[in-house]
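Every number here is computed from the coordinates shown, using simple stated rules; none is lab data. Worth saying up front: this structure is predicted, and the values here are computed from it rather than measured. FYI the Cβ positions are ideal-geometry reconstructions off the backbone, even for glycines, and counts take in every protein chain you see.
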Amino acid sequence: MENEKRVIIIGAGLVGSLWAVYMSKAGYKVTIYERRTDMRKQKISAGKSINLALSNRGWKALDAVGVGDEIRKIAIPMYGRVMHDVKGNLTYQPYGKEGQAIFSVSRGIINMTMMDIAEKYGNADIHFSHDCRRADLKNGIVYMTNTLTGETFEDKADLIFAADGAFSAVRYGSMQKLDRFNYSQNYIADGYREILLPANPDGTHRFEKNVLHIWPRGRFMLIGLPNEDGSYTCTLFMPHENDQYSFDKLKTKEDVNNFFQTLFPDFYELMPDVADSWEDHPLSSLAIVRCHPWTAGKVALLGDSAHATVPFYGQGMNAGFEDCTVMWELMQKYGEDWEKIFSEYNVVRKPDGDALQDLSVDNYYEMRDHVGDPSFLLRKKIEARFSELYPEKWTALYSLVAFSDTPYSVAYQKGQVQNKIMDQIMAMPDIESKWDSEEVMEKIRTLCN
């Protein structure tokens, strides 16, 4: 058709696949180019890649185009986190109010499901093994290479959306060459390695299924998220180097066994052959990517290509899905005026991308250093009690992030204010014995006003 509206999406990951459904709904013919081969044609195990946590923002974006129920079939609710100390003692901390949960999904399985959704609900044509070299931002042209045949070609559309991840080819090949384009990439000192903890011989889970398991050990942290087959995708975070136990020190099976026996004895009991699985998954790095602006000409960045973060708030996917919500709301506001849509997308969304990155790093220190600390647990108990008594005055930062669609930047600011209040409360004499007293609750109320 002569006047058919066309859009090209670079990247058939989670965000690109969801955005295809939105654009199809708006009447666009959608073409997706993906650098990888079609993962649906390969056998993938549940623990192939770090599990993701779906929460309120993600569900909102999925449900708005009627595909949330497809994902609910593969998601496991987690109602809180359980801390495992060195002696094997467990402490449970609910995530929110009764019944509130975040949901564990296997990255590989949700990605394959989202590709199916893009084809079924978005009528998208997905071309795999196609590498984008660069884009003509002004004219909406992408320059592609078919990596199977070596053929090079160009394709043109009304709009181009780059959802091609933290190391986006579109951003790197074109936007980063623009005058006054800001870009930074920072690696944190820690990396991660995945370990698949198998199910019991009868297929049941080794421990409580509907929670996130954390083994906090100061500079090291192990987390475990449940899979449907009874296994857990576990992820060990620790320094790459410069520590008694850092990844560069664990060279032999003996080193690995000694490390787990010393720091994670209860995990080692469950998986005494952990050293045999050590090399099953690569050692990976963790980077924060910031850039601005997120749009140029006919091109916009979505998801990690705009605001890649570290995984410690479980919000990377949710934030990418929320980009779709925000862009869609701007389309309702401005119709087809893409200049206005892109301009406002930059203004409203960039502060939230930055705030999520700050939240993610802060939460890393909290999970690693504080979740097992008695004074931290008391602090959370006081917050929960006050929130129960005065819900209009206090919503915990985690709940604002995971169980609402309050902008990340607003949540972050509120969290900083609440933190200062709690610092004063924790400094009160005998706070351990009178934490839920009228005196303490009244003081918080006064400080909130």
*Please report the relative contact order for the chain, taking Cα pairs under 8 Å with a sequence separation of at least 6, and give it as a percent rounded to a whole number.*
18
*asked:* Let me spell out the model: positive unit charges on the Cβ of Lys and Arg, negative unit charges on the Cβ of Asp and Glu, origin at the Cα centre of the chain. What dipole size does that give, in debye rounded to 20?
replied: 580
*asked:* Per residue of region 223-229, what does 6.51 cos²θ - 1.76 cosθ + 1.60 with θ = phi - 60° give for ³J(HN,Hα)? Whole Hz please, x for Gly and Pro, Karplus curve as stated.
replied: 10, x, 10, x, 10, 4, 7
_Rounded to 5, the percent of DSSP beta bridges in the chain classed as antiparallel_ = 75
*Post the alpha-carbon centroid distance, region 162-180 to region 85-119, in whole angstrom.*
31
_Using a 7 Å offset from the Cα along the Cα-to-Cβ direction at both residue 449 and residue 347, what is the distance between the two label points in nm, to one decimal?_
3.7
_Quick check on region 186-285: take the gyration tensor over C-alpha atoms, sort the square-rooted eigenvalues as a ≥ b ≥ c, and tell me if it's rounded (a/c under 1.5), prolate or oblate._
prolate
_Farthest positive-ward along the chain dipole, Cα basis, beta-carbon charges - from 198, 245, 111_ = 111
*If you take every DSSP beta bridge whose two residues both sit in region 1-146, what share of them, in percent to the nearest 5, is antiparallel?*
70
*Which one is right for this structure if Kirkwood radius over Cα pairs in Å is calculated from it: (1) 30.7; (2) 23.4; (3) 21.8?*
(2)
*For region 110-207, size of Cβ-based charge dipole, Lys and Arg +1, Asp and Glu -1, in debye*: 380
*How would you classify region 373-448 from its alpha-carbon gyration tensor, with a ≥ b ≥ c the square roots of the eigenvalues: rounded for a/c under 1.5, else prolate if a/b is greater than b/c, otherwise oblate?*
prolate
*Degrees, to the nearest 10: 253-263 long Cα axis against longest axis of the chain*: 50
*If one takes the longest principal axis of the Cα atoms in the chain, at what angle in degrees, from 0 to 90 and to the nearest 10, does the Cα axis of helix 408-426 lie?*
10
*Rounded to the nearest 500 deg cm²/dmol, what is the calculated helix-only ellipticity per residue at 222 nm for the chain, with -39500 (n - 2.57) per DSSP H run of length n ≥ 4?*
-12000 deg cm²/dmol
_If packing is taken as the average count of other Cβ atoms within 10 Å, what order do 144-156, 23-35, 331-343 fall into, highest mean first?_
23-35, 331-343, 144-156
*asked:* On a straight-distance basis, which aspartates and glutamates could pair with residue 41 in a cross-link, Cα separation under 17 angstrom, same-chain partners fewer than 8 positions away excluded?
replied: 116, 119, 125
